[in-house]
1. Taking the residues in the stretch 190-212 that are within 21 Å of Lys248 (Cβ to Cβ) and not aromatic (Phe, Trp, Tyr) as candidates, determine which candidate is surrounded by the most Cβ atoms within 10 Å (Cβ to Cβ).
2. Out of the residues in the stretch 146-164 meeting the condition of being of a type outside the set (Phe, Trp, Tyr) and touching an Asp or Glu at 6+ places or on another chain (Cβ under 7 Å), tell me which one is surrounded by the most Cβ atoms within 10 Å (Cβ to Cβ).
3. Any idea which of Pro171, Pro143 is touching a residue at least 40 places away in the same chain (Cβ under 8 Å), surrounded by fewer than 16 Cβ atoms within 10 Å (Cβ to Cβ) and in a loop (DSSP other than H, G, I, E, B)?
4. Being over 16 Å from Arg31 (Cβ atoms) and touching a Ser or Thr at 6+ places or on another chain (Cβ under 9 Å) is the filter here, so list the residues in the stretch 54-71 that pass it.
5. Any idea which residue in the stretch 115-140 is surrounded by the fewest Cβ atoms within 10 Å (Cβ to Cβ), counting only those that are touching a strand residue (DSSP E or B) at 6+ places or on another chain (Cβ under 7 Å) and over 23 Å from Asp172 (Cβ atoms)?
6. Which condition from (1) basic (Lys, Arg); (2) buried (at least 18 other Cβ atoms within 10 Å of the Cβ); (3) part of a loop (DSSP other than H, G, I, E, B) is the one that Arg108 breaks?
7. May I ask you to verify whether Asp95 is surrounded by fewer than 17 Cβ atoms within 10 Å (Cβ to Cβ), more than 14 Å from the chain's Cα centre (by Cα), farther than 23 Å from Phe205 by Cα and charged (D, E, K, R)?
8. Looking only at the stretch 32-54, which residues are surrounded by fewer than 23 Cβ atoms within 10 Å (Cβ to Cβ) and in contact (Cβ under 8 Å) with a residue 40 or more places away in the chain?
Amino acid sequence: MLHRSARVVLCLALFLSGGCFRPRPATVPLRTIALPAAGGGDARCLVVLLPGRHDHPENFFRHEFPGIAARAGIRADFVAVDAHLGYYYRKTIVDRLREDVIAPARKRYDRIWLAGISLGGTGSLLYTIESPDDVDGIVLLAPFLGEEPVIDEIAAAGGPRGWKAPESLGPDDFQRRMWSWLERYENGSQGQIPIYLGFGTRDDFARANGLLGDVLPPERVFTVEGGHTWKAWRALWEKAVATGGICK
């Protein structure tokens with residue numbers, strides 16, 4: 001979970017313009033919008049959709065994410081969560097996902113996947129790092145993976161394969177904690193959790209996302225022409241679900 005100084009880092013790093021602002025209230029429970037699988041309610045996989053900083057859960061349905069998956073043959077229920085920046089500021093994002101979404105879902109579903117866009121990708125990783133047994137797979141679309149100094153540090157080491165996290169990481173250093181977990185992915189300690197990654201080639205996060213892509217199986221990494229936009233994210237989602245690996 002994120003501590004006080006990490007909230008400041010997020011305020012500076014997560015493409016905020018014009019300085020910090022007071023986020024929306026982090027209500028309890030987390031607001032969700034559910035959509036059962038097309039044609040019935042017996043799906044055994046749940047896909048939890050986490051939005052980006054400027055977005056709302058309704059955007060996933062507006063851009064037809066469940067419908068695209070259904071047309072690709074994925075049998076799953078979908079729930080979009082209103083996991084806005086307030087939950088990250090108040091360091092409650094992991095607790096709220098666990099208590100309001102994941103734990104209840106485990107009573108019904110055999111498999112749970114997280115799919116996050118931008119800030120939602122960060123949240124998906126933070127949750128999985130803390131509770132890996134709760135997650136059966138992750139789809140990251142243009143995730144925020146750290147500020148430029150951290151990305152520079154990893155790039156200078158030749159990428160995640162050559163980079164090593166400091167022996168002692170401060171409790172607020174969530175960026176290097178993410179990369180430490182991801183760096184071990186190639187060695188198999190996290191290999192049981194499939195990670196799919198997509199990003200636009202003109203996205204501001206393309207450099208960092210490319211570094212992550214280097215340690216993932218190439219068939220699980222997708223790019224499209226485009227930036228940090230829903231047009232690119234929808235195209236990337238179409239590529240991800242077309243693999244047939246989501247919810248398997």
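1. Per the criteria, the residue is Gly198.
2. Only one residue fits best here, namely Pro160.
3. Pro171
4. His54 - this is the single residue of the stretch 54-71 that is over 16 Å from Arg31 (Cβ atoms) and touching a Ser or Thr at 6+ places or on another chain (Cβ under 9 Å).
5. Asp134
6. Unmet for Arg108, out of (1) basic (Lys, Arg); (2) buried (at least 18 other Cβ atoms within 10 Å of the Cβ); (3) part of a loop (DSSP other than H, G, I, E, B): (2).
7. yes
8. Thr32, Ile33, Ala34, Leu35, Pro36, Ala37, Ala43, Arg44, Cys45, Pro51, Arg53
The values are calculated or read from the model by the stated rules, or taken from the named source; none is laboratory data. Fair warning: this is a prediction, and the values are worked out from it, not measured in the lab. Here Cβ is always computed from backbone atoms with ideal geometry, including for glycine, and neighbour counts include all displayed protein chains.
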